[in-house]
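Student: Take this structure, written in structure tokens, and hold onto it; I'll ask about it next.
The values are calculated or read from the model by the stated rules, or taken from the named source; none is laboratory data. Nothing here was measured: the structure is a model prediction, and the numbers come from that model. Neighbour counts run over all protein chains shown; Cβ positions are idealised from the backbone, glycine included.
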Amino acid sequence: MNCYDAPVLGIETSCDETSCAVLNGTTVLSNVVSSQAALHEKWGGVVPEAAARAHVESILPVVDEAIKIANVGTPGAIAVTNRPGLVGALSVGVTAAKALSMAWQIPLIGVHHLEGHVMSTSLAGHSPPYPHLCVIVSGGHTELILVSKSCEYKQIGGTIDDAAGEAFDKGARLLGLGYPGGQAVQEMARSGDPNRYDLPRALKSKPYDFSFSGLKTAVLRLVEREGKAINVSDLAASLQEAIVDVLVEKSTRAAEDTSAKAIALVGGVAANERLRKQMKAAAERIGVGFFAPPLQFCTDNAAMIALAGSVRLAQGERDGFELEVSANERFADPIDAGALRDTSF
Ligand code: KG4
Ligand code: ZN
């Protein structure tokens, strides 16, 4: 992996984590994450106004701490998430990044949040070979991306409604497990029977796309129908299994159809033990490698943003102070799924 030849400061404020990190090559010198989960829990989801305000309060202390822990003095460049995400939240990180870039007279680069997730596997020190299929599963995104070489991406498929993380979060809410729900569902599922409740595995007709909203409705109906008779552990296990099954089945098919050499599993939901285990087993079954970042780099963090920025800076890319934020920006152009099986990559 070709990185910038000086320490890079990463800043991430796209949703509900204020994070700053310093990276030297792929080595993480510091990665400070200030989570707003407790703040948003009472509303059962992220409130954009509250998120932006909390970023304003945390950004400078978090930058300070990351710089102190790294202990390498002034960084050589700054990478900041500028798209996609909550506009108010993104603006806090981008404004801080511009000010620091101006004060320290160092280069600035804006990073697509999903490129950060895609590169996060390399923070463990080993990168997946090309071409590989990157399965991005987070609270806001579910995408199958073919990475043909460094910074070259094609979208193979994605969700047509809820993201995989949303399916965990909405399911957790219906089961009274709090927010964010992925981790809570995982813990509750440990003692549950994944075959107890029959939940839908949707969108069988579309090989590489996902739909998770029917799953939420099915859980809602069950909870309404059975009330207190519901076994929460069994339902958590059944919900987790339904999400994992579909992700594993479609990802392995996409990996086979694109002749990918490896599957990389990234994003907050990649922290799910059952998903990691089943995806790894499936990758072994089809004879390809399996890569996933260490748990602290699955959920949002600035180390992955610093890495993506570092790779782009090493290619000579730079942004000016006119760098803007954007709420929605497609990460990769779609590939024609119908042509997949006939195409050689
Ligand atoms: O990547 P991320 O931190 O933020 C986005 O970019 O969206 O992902 C957050 C998502 C949440 O939906 C959360 O419930 C889910 O990741 N998550 C998990 C686990 N840990 C976090 N889902 C399933 N199992 C987990 N252990
Ligand atoms: Zn994310």
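Student: Taking the stated definitions as given, is V147 within 14 Å of ligand 2 (Cβ to nearest atom) and modelled with pLDDT of 95 or more?
Tutor: no
Student: Specify the residue that is farthest from ligand 2 (Cβ to nearest atom); the eligible residues are those in region 11-29 that are at pLDDT 95 or above and part of a loop (DSSP other than H, G, I, E, B).
Tutor: G25
Student: Among the residues of region 33-61, what is the count of those that are in a loop (DSSP other than H, G, I, E, B), under 20 Å from the mean Cα position of the chain (by Cα) and hydrophobic (A, V, I, L, M, F, W, C)?
Tutor: So the answer is 2.
Student: I would also like to ask the following. Just to be sure I understand the filter: pairs with C-beta atoms under 8 Å, separated by 6 or more residues or on different chains, first member in region 290-315 and among the basic types (K, R), second member surrounded by fewer than 22 Cβ atoms within 10 Å (Cβ to Cβ) and at pLDDT 95 or above. Which pairs pass?
Tutor: Once the first residue is among the basic types (K, R) and sits in region 290-315, its partners that are surrounded by fewer than 22 Cβ atoms within 10 Å (Cβ to Cβ) and at pLDDT 95 or above give R312/C151.
Student: Being surrounded by fewer than 17 Cβ atoms within 10 Å (Cβ to Cβ) and touching an Asp or Glu at 6+ places or on another chain (Cβ under 8 Å) is the requirement here; does G178 meet it?
Tutor: yes
Student: A further question on this structure: Go through (1) within 16 Å of ligand 2 (Cβ to nearest atom); (2) small (G, A, S); (3) not in a strand (DSSP E or B) for S259 and report which single condition fails.
Tutor: Condition (1) is where S259 drops out.
Student: Let me ask something additional. Might you let me know whether region 70-87 holds any residue that is within 16 Å of ligand 1 (Cβ to nearest atom), farther than 20 Å from G267 by Cα and either of a type outside the set (A, V, I, L, M, F, W, C) or assigned to a helix (DSSP H, G or I) (or both)?
Tutor: Scanning region 70-87, I find at least one residue that is within 16 Å of ligand 1 (Cβ to nearest atom), farther than 20 Å from G267 by Cα and either of a type outside the set (A, V, I, L, M, F, W, C) or assigned to a helix (DSSP H, G or I) (or both), so the answer is yes.
Student: Still on this model: Do we have S238 as farther than 28 Å from P128 by Cβ, in contact with a Ser or Thr (Cβ under 7 Å, 6 or more places away or on another chain) and hydroxyl-bearing (S, T, Y) here?
Tutor: No: the conditions fail for S238.
Student: Can you name every residue in region 176-197 that is of a type outside the set (S, T, N, Q) and at pLDDT 95 or above?
Tutor: G182, A184, V185, E187, M188, A189, R190, G192, D193, P194, R196, Y197
Student: Still on this model: Do you know which of the residues in region 103-153 that are in a loop (DSSP other than H, G, I, E, B) and hydroxyl-bearing (S, T, Y) is nearest to G76 (Cα to Cα)?
Tutor: Across region 103-153, the extreme among qualifying residues is S150.
Student: Going residue by residue through region 66-76, is there one that turns out to be closer than 21 Å to R318 by Cα and either surrounded by fewer than 16 Cβ atoms within 10 Å (Cβ to Cβ) or of a type in the set (V, I, T) (or both)?
Tutor: Looking through region 66-76, at least one residue is closer than 21 Å to R318 by Cα and either surrounded by fewer than 16 Cβ atoms within 10 Å (Cβ to Cβ) or of a type in the set (V, I, T) (or both).
A quick yes/no check of all residues on (1) modelled with pLDDT of 95 or more; (2) under 22 Å from the mean Cα position of the chain (by Cα); (3) among the acidic types (D, E); (4) closer than 29 Å to R173 by Cα:
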site	(1), (2), (3), (4)
A242	yes, yes, no, yes
A254	yes, yes, no, no
D257	yes, no, yes, no
L265	yes, yes, no, yes
E284	yes, no, yes, no
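Student: In region 163-185, which residues are in a helix (DSSP H, G or I), hydrophobic (A, V, I, L, M, F, W, C) and near ligand 1 (Cβ under 10 Å from one of its atoms)?
Tutor: Selection gives A164, A167, F168, A172, A184, V185.
Student: Then there is this: Write out, first by first residue and then by second, each pair whose Cβ atoms fall under 7 Å of each other, whose residues are 6+ apart or on separate chains, and whose first residue, in region 151-173, is closer than 16 Å to R201 by Cβ while the second is away from ligand 2 (no atom under 16 Å from the Cβ) and among the small types (G, A, S).
Tutor: G157/A254; G157/A337; T159/S211; I160/S211; D161/S211; D161/S213; D162/S213
Student: Given the criteria surrounded by fewer than 21 Cβ atoms within 10 Å (Cβ to Cβ) and polar (S, T, N, Q), does T81 qualify?
Tutor: no
Student: If you scan region 154-178, which residues turn out to be within 16 Å of ligand 2 (Cβ to nearest atom) and either farther than 18 Å from P84 by Cβ or not β-branched (V, I, T) (or both)?
Tutor: G158, D162, A163, A164, G165, E166, A167, F168, D169
Student: So if I check each of R201, R196, R190, R221, which one is among the basic types (K, R), surrounded by fewer than 19 Cβ atoms within 10 Å (Cβ to Cβ), within 15 Å of ligand 1 (Cβ to nearest atom) and within 23 Å of D245 (Cα to Cα)?
Tutor: Every option except R190 fails the conditions.
Student: Evaluate region 63-72: report whether one residue or more is touching a strand residue (DSSP E or B) at 6+ places or on another chain (Cβ under 7 Å), within 16 Å of ligand 2 (Cβ to nearest atom) and aliphatic (A, V, I, L, M).
Tutor: Within region 63-72, not a single residue is touching a strand residue (DSSP E or B) at 6+ places or on another chain (Cβ under 7 Å), within 16 Å of ligand 2 (Cβ to nearest atom) and aliphatic (A, V, I, L, M).
Student: For the condition under 28 Å from V185 (Cβ atoms) and of a type in the set (D, E), what is the one hit in E329, E317, E284, E322?
Tutor: Testing whether each residue is under 28 Å from V185 (Cβ atoms) and of a type in the set (D, E) leaves just E284.
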